[in-house]
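Q: Please see the structure below; I have some questions.
The values are calculated or read from the model by the stated rules, or taken from the named source; none is laboratory data. Bear in mind that the values here come from a model prediction, so they are computed numbers and not experimental data. Ideal geometry is used to build each Cβ from the backbone, glycine not excepted, and the neighbour counts take in all protein chains shown. Areas reflect the complete protein model, heavy atoms only, side chains present, ligands, DNA and RNA absent. Shrake-Rupley method; radii C 1.70, N 1.55, O 1.52, S 1.80 Å.
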Amino acid sequence: MIAIEDYLKIQDVSVDLTCKTHGKKLDLFCKYHSVAICAVCVPSAHKTCQADDIISIADAAENANSSSGLTELEKTISRTLENIKHCIKNRLSTSAKIDTDEQMIKTTILQTKLKLIKHLDVVEEKLLLELRTKHDNYKAKHSKVLEKLKQKEKDFEKLEEQMQQMKLFASDLQVFLGTCQMNKITMEKIELLKTEIGKEQNYKTEMKLNSVVSSLMNEVKQFGEIHITETNTDLKFKDVLIDQAQIQVHVSMRNIHDVNHQLKLKFDIRTQGPNHRMSYNVGWTNFYTVYHRHRKLEKSKAFDITEINTDRIAVTYPNWNCIEIFNIKEITVESKIGCKSRCYGISHYNGNIFTIVQDHGILMMDLSGTILQTINIDIHSSVYFITVTDDKLYYTDERKDTVNCCNLVGKQIWVFENKNLVCPSGITVDNNQNVYVSGLKSYNLTLIQHDGKQSKEICNACDDLCAPLAVCYNKTNNSLLLGYKTSYMALYQVSQERFFKDLHIRVV
């Protein structure tokens, strides 16, 4: 019994007590799928689940109000709110920067305009000075010629006057001799005048506008262009759920001797595709890709594969010296990243790709292929497989028979070596930094504790053909996918006994 006012506080909390598929009461719980189910769900969607995977909802919900799962959810919501507040603060800061960018662009436009005007004033003054100089020079030439013509005008006016005087007052002899002499003088002056006039030119002053200035007025339609560059934010929305799980299992879950592996499925990738159970329960992007591209990958000699997200993977091709970003949803190659030499193992972590490139070491690059960092590790011809998680890098050395753990700058954390692990190859890490390694020549799968101090053998093959080669851990549902040297693959469910006592609902 609770008070009415307390009930009113939770009336808006949506909790489905009936099955959405069958409309029946949710009275059972599937540990394998971590989902509440009704009685009708068992023979339909959960018929392949183990009998001990189905328990009553009452057993599953026992002490739920004080369970670690509820505490974890509270912490998850609290941390998520912190993340959202951080994102809001970041977006507000970005919004303020947008305003700052606008003001900076306005200032740049104004300054450019003023510089342009100042420059135009300078070239204008230069051109006007040239105009004045040429105008004065040609004006002086024109004035000089005009003065000569005026002087010639005076000379001929004087000759005309002399001729009239001689005509009125001189004798016939004087007129005759004067006419002959004046005619000769007049002809000489006329010829000289013709020569001088023939040399004269007319002057027309024009201006040829600079082509750049013409283009500025006719072709430049706008002052500039505004470009918006979009880049990924540096916001990191931390996965609180995984962090909390790691804190809770610090004592028990990280002890490898308490980890159990139950074989759920074994199949031949060449003859058996992913059935409904496989696709629904596991969601292996890598398996889906290998299955649908098995023949193509085999022909192209693809070496290693890593999941970027649910739609994209990255594949290395040593023979082609390149990495291929492949969209498994669209079945298309999005991009290819060229490498300087043969590329082998590859791992995706925190938005970046880590890959082993022959003679160059382990390179960290973004998805466009830009090299961000070269990790300072001595890489030789026997290092082919790596995996990166939680700021740690793990790689196997087939020649030295070692498994190595270092940080992302190459500083060694631990090195594991055991006589029962020969030629270690495929490598993967679970949620607790425990490392799974396949032994190519010891024909076994080894689980190494997070600190590199303890180990245990998970499975052992009888011959070389059955030796495990590739291994991948699904951190979402604690499943382990194992690929053998042949085309066989096996799926294991990973669980931990001690952990069930405290966090039964959370782990299953």
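Q: Considering Ile328, Ile313, which residue is crowded, with 17+ Cβ neighbours inside 10 Å, of a type in the set (A, V, I, L, M) and at pLDDT 90 or above?
A: On the way: Ile328 fails: at pLDDT 90 or above.
Going through Ile328, Ile313 in turn, the sole match is Ile313.
Q: Are there any pairs, at least 6 apart or on different chains, whose C-beta atoms fall under 6 Å, with the first in segment 325-350 and farther than 15 Å from Thr370 by Cα and the second acidic (Asp, Glu) and in a strand (DSSP E or B), and if so, which?
A: These pairs meet every condition: Asn327/Glu334; Val333/Glu324.
Q: Let me ask another. Could we say that Ser487 is of a type in the set (Gly, Ala, Ser) and either surrounded by 20 or more Cβ atoms within 10 Å (Cβ to Cβ) or at pLDDT 90 or above (or both) here?
A: Values: of a type in the set (Gly, Ala, Ser): yes; either surrounded by 20 or more Cβ atoms within 10 Å (Cβ to Cβ) or at pLDDT 90 or above (or both): no.
No; evaluated as a whole, the condition is false for this residue.
Q: Quick one: is Val145 surrounded by 13 or more Cβ atoms within 10 Å (Cβ to Cβ), assigned to a helix (DSSP H, G or I) and in contact with an Asp or Glu (Cβ under 8 Å, 6 or more places away or on another chain)? Let's see the steps before the verdict.
A: Values: surrounded by 13 or more Cβ atoms within 10 Å (Cβ to Cβ): yes; assigned to a helix (DSSP H, G or I): yes; in contact with an Asp or Glu (Cβ under 8 Å, 6 or more places away or on another chain): yes.
For Val145, the condition - surrounded by 13 or more Cβ atoms within 10 Å (Cβ to Cβ), assigned to a helix (DSSP H, G or I) and in contact with an Asp or Glu (Cβ under 8 Å, 6 or more places away or on another chain) - is met.
Q: Please tell me if Ile356 is part of a loop (DSSP other than H, G, I, E, B), open to solvent by less than 40 Å² (accessible area, probe 1.4 Å) and either polar (S, T, N, Q) or in contact (Cβ under 8 Å) with a residue 24 or more places away in the chain (or both). Steps first, answer last, please.
A: Values: part of a loop (DSSP other than H, G, I, E, B): no; open to solvent by less than 40 Å² (accessible area, probe 1.4 Å): yes; either polar (S, T, N, Q) or in contact (Cβ under 8 Å) with a residue 24 or more places away in the chain (or both): yes.
Against the criterion (part of a loop (DSSP other than H, G, I, E, B), open to solvent by less than 40 Å² (accessible area, probe 1.4 Å) and either polar (S, T, N, Q) or in contact (Cβ under 8 Å) with a residue 24 or more places away in the chain (or both)), Ile356 does not qualify.
Q: How many of the residues in segment 1-36 are part of a loop (DSSP other than H, G, I, E, B), among the hydrophobic types (A, V, I, L, M, F, W, C) and closer than 25 Å to Asn478 by Cα? Spell out how you get there, then give the answer.
A: Here is the first cut: in segment 1-36, the ones part of a loop (DSSP other than H, G, I, E, B) are 1-3, 11-17, 19-24, 26-27, 31-34.
Remaining after also requiring among the hydrophobic types (A, V, I, L, M, F, W, C): 1-3, 13, 15, 17, 19, 26.
Going one step further and asking which of them are closer than 25 Å to Asn478 by Cα, we end up with 26.
The number of residues fulfilling the criteria is 1.
Q: Taking Gly410 as meeting all but one of (1) in a strand (DSSP E or B); (2) open to solvent by 10 Å² or more (accessible area, probe 1.4 Å); (3) small (Gly, Ala, Ser), write down the number of the exception.
A: (1)
Q: I'd like to know if segment 460-480 contains one or more residues that are buried (at least 21 other Cβ atoms within 10 Å of the Cβ), in a loop (DSSP other than H, G, I, E, B) and at pLDDT 90 or above.
A: no
Q: Of everything in segment 164-220, what is among the acidic types (Asp, Glu) and in contact (Cβ under 8 Å) with a residue 40 or more places away in the chain? Give them in sequence order. Full working, then the answer.
A: Restricting attention to segment 164-220, the residues satisfying the condition of being among the acidic types (Asp, Glu) are 172, 188, 191, 196, 200, 206, 219.
If the condition is that a residue be among the acidic types (Asp, Glu) and in contact (Cβ under 8 Å) with a residue 40 or more places away in the chain, then Glu196, Glu200 are the ones that fit.
Q: Right, another one. Within the bounds of segment 306-328, is there any residue that is assigned to a loop (DSSP other than H, G, I, E, B), basic (Lys, Arg) and in contact with an Asp or Glu (Cβ under 9 Å, 6 or more places away or on another chain)? Let's see the steps before the verdict.
A: In the first step, residues of segment 306-328 are kept if they are assigned to a loop (DSSP other than H, G, I, E, B); the result is 308-311, 321, 328.
Checking the rest, the ones that are also basic (Lys, Arg) come to none.
Looking through segment 306-328, none of the residues is assigned to a loop (DSSP other than H, G, I, E, B), basic (Lys, Arg) and in contact with an Asp or Glu (Cβ under 9 Å, 6 or more places away or on another chain).
Q: Please determine whether any residue of segment 198-214 is part of a helix (DSSP H, G or I) and surrounded by 12 or more Cβ atoms within 10 Å (Cβ to Cβ).
A: First, pick out the residues of segment 198-214 that are part of a helix (DSSP H, G or I): 198-199, 211-214.
After this cut, where a residue has to be surrounded by 12 or more Cβ atoms within 10 Å (Cβ to Cβ) as well, the list is none.
No, segment 198-214 has no match at all.
Q: Is one or more of the residues making up segment 102-110 touching a residue at least 60 places away in the same chain (Cβ under 8 Å) and either surrounded by 12 or more Cβ atoms within 10 Å (Cβ to Cβ) or within 30 Å of Thr195 (Cα to Cα) (or both)?
A: To start, the set of residues in segment 102-110 that are touching a residue at least 60 places away in the same chain (Cβ under 8 Å) comprises 105, 109.
Among the residues that remain, those that are also either surrounded by 12 or more Cβ atoms within 10 Å (Cβ to Cβ) or within 30 Å of Thr195 (Cα to Cα) (or both) are: 105, 109.
Checked segment 102-110: at least one residue is touching a residue at least 60 places away in the same chain (Cβ under 8 Å) and either surrounded by 12 or more Cβ atoms within 10 Å (Cβ to Cβ) or within 30 Å of Thr195 (Cα to Cα) (or both).
Q: If you don't mind, another one. So which of Ala39, Ala64, Ala60 is touching a residue at least 12 places away in the same chain (Cβ under 8 Å), open to solvent by less than 80 Å² (accessible area, probe 1.4 Å), out of contact with any Phe, Trp or Tyr (no Cβ under 9 Å at 6 or more places or on another chain) and closer than 24 Å to Thr476 by Cβ? Please lay out each step first, then the result.
A: Numbers: Ala39 fails: closer than 24 Å to Thr476 by Cβ; Ala60 fails: out of contact with any Phe, Trp or Tyr (no Cβ under 9 Å at 6 or more places or on another chain).
One residue alone meets the criteria, Ala64.
Q: Let me spell it out: the conditions are (1) exposed (fewer than 10 other Cβ atoms within 10 Å of the Cβ); (2) within 30 Å of Asn210 (Cβ to Cβ); (3) aromatic (Phe, Trp, Tyr), and Tyr138 meets all of them except one. Which number is the exception?
A: The failed condition is (1).
Q: Consider Gly369 carefully, then state whether it is within 19 Å of Tyr317 (Cα to Cα) and assigned to a loop (DSSP other than H, G, I, E, B). Working first, answer last.
A: Working: within 19 Å of Tyr317 (Cα to Cα): yes; assigned to a loop (DSSP other than H, G, I, E, B): yes.
In short, yes.
Q: Give segment 12-33 a look and list any residue that's over 45 Å from the mean Cα position of the chain (by Cα) and open to solvent by 100 Å² or more (accessible area, probe 1.4 Å), or say none.
A: Lys24, Lys25
Q: If I ask for residues that are surrounded by fewer than 16 Cβ atoms within 10 Å (Cβ to Cβ) and under 18 Å from Phe303 (Cα atoms), which ones from segment 370-389 would you list?
A: Kept after step one, since they are surrounded by fewer than 16 Cβ atoms within 10 Å (Cβ to Cβ), are these residues of segment 370-389: 370-374, 376, 378, 380-382.
Correct list: His380, Ser381, Ser382.
Q: Only one of these is open to solvent by less than 100 Å² (accessible area, probe 1.4 Å), at pLDDT 85 or above and more than 55 Å from the chain's Cα centre (by Cα): Phe176, Phe156. Name it. Quick ask: steps written out before the conclusion?
A: Details: Phe176 fails: open to solvent by less than 100 Å² (accessible area, probe 1.4 Å).
Going through Phe176, Phe156 in turn, the sole match is Phe156.
Q: Going by the conditions given, is Lys47 of a type outside the set (Gly, Ala, Ser), at pLDDT 85 or above, open to solvent by 70 Å² or more (accessible area, probe 1.4 Å) and closer than 30 Å to Lys264 by Cα? Explain how you work it out, then say what you get.
A: Details: of a type outside the set (Gly, Ala, Ser): yes; at pLDDT 85 or above: no; open to solvent by 70 Å² or more (accessible area, probe 1.4 Å): yes; closer than 30 Å to Lys264 by Cα: yes.
Criteria not met by Lys47.
Table: residues versus (1) at pLDDT below 85; (2) within 30 Å of Gln222 (Cα to Cα).
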site: Thr21; (1), (2): no, no
site: Ala36; (1), (2): no, no
site: Ser66; (1), (2): yes, no
site: Ser93; (1), (2): no, no
site: Asp101; (1), (2): no, yes
site: Lys106; (1), (2): no, yes
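Q: A further question on this structure: Considering only segment 69-85, state which residues are under 32 Å from the mean Cα position of the chain (by Cα), open to solvent by less than 100 Å² (accessible area, probe 1.4 Å) and of a type outside the set (Val, Ile, Thr).
A: Answer for segment 69-85, where residues must be under 32 Å from the mean Cα position of the chain (by Cα), open to solvent by less than 100 Å² (accessible area, probe 1.4 Å) and of a type outside the set (Val, Ile, Thr): Ser78, Arg79, Leu81, Asn83.
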